[in-house]
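Have a look at the structure below before the remarks.
The values are calculated or read from the model by the stated rules, or taken from the named source; none is laboratory data. Note that this is a predicted model, so its numbers are computed, not measured. Here the Cβ positions follow ideal geometry from the backbone for every residue, glycine too, while neighbour counts run over all protein chains shown. With ligands, DNA and RNA removed, areas are computed over all heavy atoms of the protein, side chains included. Shrake-Rupley method; radii C 1.70, N 1.55, O 1.52, S 1.80 Å.
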Amino acid sequence: MKNLSLLFLLAPIVSAQALVKETIATGLRDPMEVAIAPDGHFFVTEREGRLLRINPETGGVFEIGKIEVHALRASHRDSSYGREDGLQGIAVDPDFANNQRIYIYYSHPEKLINRLSRFTLKDGALDHGSEVPILEVPIDREERVCHHGGSVEFGPDGLLYLSTGDNTNPFRSDGYSPLDNREGRGWADAQRTAGNTNDLRGKILRIKLTEDGYEIPEGNLFAPGTEKTRPEIYVMGCRNPFRISLDPKTKTLYWGEVGPDAAEPSEFGPKGHDEVNQAKAPGNYGWPFVIADNQPYPIRDFKKKAVVEMTDPAAPKNPSQRNTGLSILPPAQPAMIWYPYKKSEEFPVMGEGGRNAMAGPVFYHDSSRTYNILNKEDDHSLLTYEWMRGKIYKAKLDQDEKLEKLEVLIDGLSHPMDLEMKKDGSLVLLEYGSDWWFNTTGGVYRFRPEDGNKPPTITIKPTEGVEGGFSVDQATDPENEKITVNWYLTEGASERDLGSGSTGVVPDGVFQELRAVAQDPKGAIAVARAPLSGAATTQPLNLEIVGDPKQLAFGDTLQFKVGAGKAPDPAQLIVRARYIPPTGHDAGGPQLSEDIAELVKSNQCFACHQLTVTSVGPHYLNVSLKYRDREDAAAYLKEKLKTGGAGVWGEVPMPPQIALKEVDSEKIIRAILSLSDGISETTGTLEGTLKLSPPYGNHTGGAWEISAEAPGYAPKKIRVSAK
């Protein structure tokens with residue numbers, strides 16, 4: 001039985017204030033954004049459409065709605081269509097306590113739009129009939145276009161802000177700016193979106209909500225009625241403003257801008273940078289014509305591969321045939337913080353490696369509230385964070401809101417996805433988890449100052465002889481204080497309190513989870529969980545090995561046939577043969593040793609690669625199978641890690657792994673190349689032949705496992721003795 005707890009862990013902090021990290025909930029699936037309700041509960045959107053409510057006091061995770069969205073699915077994980085679509089951002093109404101309204105931004109399942117809608121909760125669950133569409137952003141989905149932005153936030157004045165990305169394929173412009181003006185290449189032209197004053201993409205929009213829609217507030221970038229402009233635009237010239245935040249006192253807008261991939265400058269423009277931006281007033285932040293501190297991109301003739309004209313940041317021109325807005329744009333505004341893959345000369349504390357900038361809340365010290373995560377001298381500090389580098393930074397601002405000092409606050413996070421501050425002053429972190437898509441290791445955490453009190457621990461077990469009964473197995477408190485145990489049932493979108501005591505009994509009904517919550521006198525808690533609902537059944541695959549061999553040897557060739565009630569897509573089918581040594585231990589597939597796995601995790605490699613499942617990049621077993629017979633494989637892969645690149649496994653570039661130490665690079669590459677020892681596979685056919693791997697090591701005996709797997713089907717495995 002799996003027991004999860006609300007654990008308090010000292011986070012790796014680089015500050016005078018020691019912080020404790022509380023685990024609130026884990027096991028989330030591609031979580032996208034978190035919003036905090038007035039009662040302290042959290043709402044979380046998941047990419048494939050689930051809307052969750054989380055009770056931090058009881059550890060309860062409730063699916064309160066499922067929104068139909070267009071999204072990349074596991075059944076077509078390599079699709080080039082709408083790859084970053086899904087359920088995006090969420091915000092709660094400023095008057096949520098009275099009206100139960102929330103605002104959600106999502107990819108429509110049929111129409112080529114991203115939609116911002118208002119929903120109302122009824123009895124704690126999403127009322128689908130209450131949807132009021134507020135604003136729709138026309139989008140493209142073909143040719144691997146990406147960048148949706150998707151952050152939804154209310155400002156202190158009640159205005160709603162929505163970030164939108166440039167909705168462009170970034171992989172056909174060599175890591176520089178996508179300014180492709182050729183016919184039929186609209187999906188590679190960000191001039192049509194981010195650089196277009198008459199398009200809602202690549203922007204941060206600001207609107208004033210009404211009962212039936214919205215009005216345009218005063219002070220946006222373009223006044224209503226201005227020819228060839230959209231009045232909703234507050235900020236333009238954004239590539240992918242993924243997370244935004246507003247200063248609760250000054251109303252200043254901050255956002256993290258995810259930048260392009262060029263590792264070095266060239267005639268086609270500067271090297272790629274990520275940005276943290278600050279807007280005290282509306283403005284144009286330059287993309288796709290400038291980047292960083294207003295470094296310009298030249299206008300390119302992609303057909304002739306030549307530079308046409310250099311951009312003037314003071315008056316950028318948009319020459320695209322797809323531009324429906326102004327030709328001369330407002331002057332470009334420089335970023336507040338900018339940094340490339342390599343160590344930044346201007347902001348060296350940002351480090352080096354992969355990039356994905358985010359902007360979080362602005363901290364103000366308040367001695368009247370329960371917590372202050374920073375000291376008094378840190379009053380008025382912006383918290384920025386980095387999805388790829390797993391860090392939160394403290395950007396101290398002066399009285400004029402200029403950057404005074406930049407420091408690392410927290411390190412060692414697993415892809416921080418959203419960062420919000422509760423009314424009590426604690427910091428809420430949404431971690432995406434280890435994978436890029438189809439991730440199940442997301443979580444919600446809370447940071448608060450360390451006070452010396454450690455939480456209790458608790459485990460539970462079924463009560464012998466009592467149907468539906470569970471009892472406390474072990475429950476202790478580090479300070480030997482009295483523990484109170486309360487029992488809760490997850491019942492759809494809500495929970496049922498079963499009362500306190502050492503036992504809990506599940507009544508008749510349909511429930512998802514039983515929880516025992518142990519609490520000490522100071523309020524620290526731990527949660528033990530017992531799942532009650534079974535997994536959905538899936539159609540099994542049939543696998544036949546022709547001739548039904550009783551023994552197989554290294555290098556043998558076998559014939560196979562795969563079928564099912566409804567045959568799987570052959571392009572999605574993998575038939576694999578794996579040798580299992582006669583050790584008595586079988587990990588169930590290729591594994592990295594514990595030290596190598598930790599090395600890979602600490603260097604954020606799992607952001608793009610998994611062991612046996614394709615993510616943004618190829619999975620490591622495929623890399624091993626491709627290169628294991630190449631004599632210079634280790635040297636070749638080591639150089640690829642240094643320089644990065646694209647084209648071998650697809651368009652998505654791998655950034656240069658500058659921060660990876662040479663000794664660690666060698667260890668990781670050796671481990672990856674060894675993953676295919678004893679393994680061979682074939683794809684793309686329901687019937688064919690498979691040659692077993694060549695010998696390795698000094699193995700005799702053992703067994704061969706022949707398996708067939710396809711998305712949406714239960715896998716089939718057959719074991720045959722090894723000669």
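Once R0 is set to 30 Å, what does the formula 1/(1 + (r/R0)^6) return for the Cβ-Cβ distance between Lys304 and Glu218, expressed as a FRET efficiency to the nearest 0.05? Show your work: numbers first, answer last.
Working: r = 46 Å, r/R0 = 1.53.
Between Lys304 and Glu218 the formula returns 0.05.
Tell me, what ³J(HN,Hα) does each residue in the stretch 172-178 have, in order and in whole Hz, if you take phi through Karplus 6.51 cos²θ - 1.76 cosθ + 1.60 with θ = phi - 60° and put x for Gly and Pro?
Rounded to whole hertz, the list is 10, 10, 6, x, 9, 7, x.
Using amide H atoms built in the peptide plane, which far-off residues or other-chain residues are under 5 Å from Asn356 H to H?
Correct list: Trp387, Met388, Arg389.
State the extension gain, in nm to one decimal, for the chain segment bounded by Gln539 and Glu377, taking 0.36 nm per residue of separation less the distance between their alpha-carbons. It would help to have the intermediate numbers written out before the result.
Working: separation 162, 0.36 × 162 = 58.32 nm, distance 6.05 nm.
My answer for the length gained is 52.3 nm.
Can you give the net charge of the other residues whose Cβ lies under 9 Å from the Cβ of Tyr106, counting K and R as +1 and D and E as -1?
Working: positive: Arg115; negative: Glu68, Asp85.
Residues near Tyr106 contribute -1 overall.
With the cut-off at 24 Å, report for the stretch 135-227 the share of all Cα pairs above it, as a whole percent.
Working: 1258 of 4278 pairs.
Here the long-distance tail beyond 24 Å is 29 percent of all Cα pairs in the stretch 135-227.
What shape does the stretch 418-540 take by its C-alpha gyration tensor, where a ≥ b ≥ c are the square roots of the eigenvalues and a/c under 1.5 counts as rounded, a/b above b/c as prolate, and the rest as oblate? Walk me through the intermediate numbers first.
Values: a/c = 2.07, a/b = 1.09, b/c = 1.91.
Oblate, because a/c is 1.5 or more while a/b does not exceed b/c.
Looking at the stretch 134-202, which GluC sites (Glu not before Pro) are in a loop (DSSP not H, G, I, E or B) and have at most 10 other Cβ atoms within 10 Å?
Details: sites: Glu136, Glu142, Glu143, Glu153, Glu183; in loops: Glu142, Glu143, Glu183.
Passing sites in the stretch 134-202 are Glu183.
Can you work out ³J(HN,Hα) from phi for every residue in the stretch 302-314, in order, using Karplus 6.51 cos²θ - 1.76 cosθ + 1.60 and θ = phi - 60°, giving whole Hz and x for Gly and Pro?
5, 5, 8, 6, 9, 7, 9, 7, 7, 6, 9, x, 6
Give me the one-decimal Kirkwood hydrodynamic radius in Å for the stretch 270-393, with the sum taken over alpha-carbon pairs.
Values: mean 1/r = 0.0589 Å⁻¹.
Hydrodynamic radius (Kirkwood, Cα only) of the stretch 270-393 equals 17.0 Å.
Hey, can you grab everything whose amide H is under 5 Å from the amide H of Met32? Only 5+ residues off in sequence or another chain; H modelled, so Pro and N-termini drop out.
Thr45, Glu46, Arg47
What relative contact order, as a whole-number percentage, does the chain give when Cα pairs under 8 Å and 6 or more residues apart are counted?
Values: 1920 pairs, mean separation 79.0, N = 723.
Relative contact order, the chain: 11 percent.
For the chain, what is one quarter of the convex hull surface built on the Cα atoms, given in nm²? Walk me through the intermediate numbers first.
Details: hull surface 138.1 nm².
Result: 34.5 nm².
May I ask you to compute the full-extension gain from Ala567 to Arg172, defined as 0.36 nm times their residue separation minus their alpha-carbon distance, rounded to one decimal in nm? Could the numbers behind the result be given before it?
Values: separation 395, 0.36 × 395 = 142.20 nm, distance 3.56 nm.
Contour length minus the Cα-Cα distance gives 138.6 nm.
Taking 7 Å along the Cα-to-C-beta vector as the label spot, tell me the Val132-Glu183 distance in nanometres, rounded to one decimal.
Between Val132 and Glu183, the label points sit 4.7 nm apart.
At 7 Å along Cα-to-Cβ for each site, give me the label-to-label distance between Lys638 and Ser502 in nm.
6.1
Please report the net charge: other residues with Cβ closer than 11 Å to the Cβ of Val20, K and R +1, D and E -1. Please list the in-between numbers first.
Working: positive: Lys21, Arg446, Arg448, Lys454; negative: Glu22, Glu450, Asp451.
Spelling it out: positives minus negatives among the neighbours equals +1.
Excluding Ser674 itself, what net charge comes from residues whose Cβ is under 12 Å from its Cβ, given Lys and Arg +1 and Asp and Glu -1? Intermediate results must be reported in sequence, preceding the final value.
Numbers: positive: Arg628, Lys667, Arg670; negative: Asp677.
Once positives and negatives cancel, what remains is +2.
Once the Cβ-Cβ distance between Arg322 and Ser79 is put in as r, and R0 is 30 Å, what FRET efficiency do you end up with, to the nearest 0.05? Please list the in-between numbers first.
On the way: r = 25 Å, r/R0 = 0.82.
So the FRET efficiency works out to roughly 0.75.
Going by amide H atoms built from the backbone, whose H comes under 5 Å of the H on Leu209, apart from near neighbours?
Residues meeting the amide H criterion: Leu160, Glu215.
What value, in deg cm²/dmol to 500, does the helix sum -39500 (n - 2.57) over DSSP H runs of n ≥ 4 give at 222 nm once divided by the residues of the chain? Mind showing how you got there, number by number?
Working: 5 runs with 45 residues, N = 723.
Value at 222 nm, helices only, nearest 500: -2000 deg cm²/dmol.
With labels modelled as points extended 7 Å from the Cα through the Cβ direction, what inter-label distance (nm, one decimal) is found for Glu598 paired with Arg670?
My value for the distance between the label points is 1.8 nm.
DSSP loop GluC sites (Glu not before Pro) in the stretch 337-375 with at most 14 other Cβ atoms within 10 Å of their Cβ, which ones?
Working: sites: Glu345, Glu346, Glu352; in loops: Glu345, Glu346, Glu352.
Sparse-neighbourhood loop GluC sites (Glu not before Pro): Glu345, Glu346.
Residue by residue through the stretch 432-447, which ³J(HN,Hα) values in whole Hz follow from phi under the Karplus form 6.51 cos²θ - 1.76 cosθ + 1.60 (θ = phi - 60°), with glycine and proline marked x?
6, x, 7, 8, 8, 10, 6, 8, 10, 10, x, x, 10, 9, 9, 9
Heavy atoms only, probe 1.4 angstrom, no DNA, RNA or ligands counted: give me Met388, Met350, Met421 ranked by accessible area, highest first.
Met421, Met388, Met350
What is the gain in length, in nm to one decimal, between Ala703 and Asp95 on full extension, counting 0.36 nm per residue of separation less the C-alpha to C-alpha distance?
On the way: separation 608, 0.36 × 608 = 218.88 nm, distance 6.39 nm.
Roughly 212.5 nm would be gained on extension.
Just in the stretch 368-475: which trypsin sites (Lys or Arg not before Pro) are loop by DSSP and have at most 14 other Cβ atoms within 10 Å? Walk me through the intermediate numbers first.
On the way: sites: Arg369, Lys376, Arg389, Lys391, Lys394, Lys396, Lys402, Lys405, Lys422, Lys423, Arg446; in loops: Arg369, Arg389, Lys402, Lys422, Lys423.
Taking the stretch 368-475 and a limit of 14 other Cβ atoms within 10 Å, the loop trypsin sites (Lys or Arg not before Pro) found are Arg369, Lys402, Lys423.
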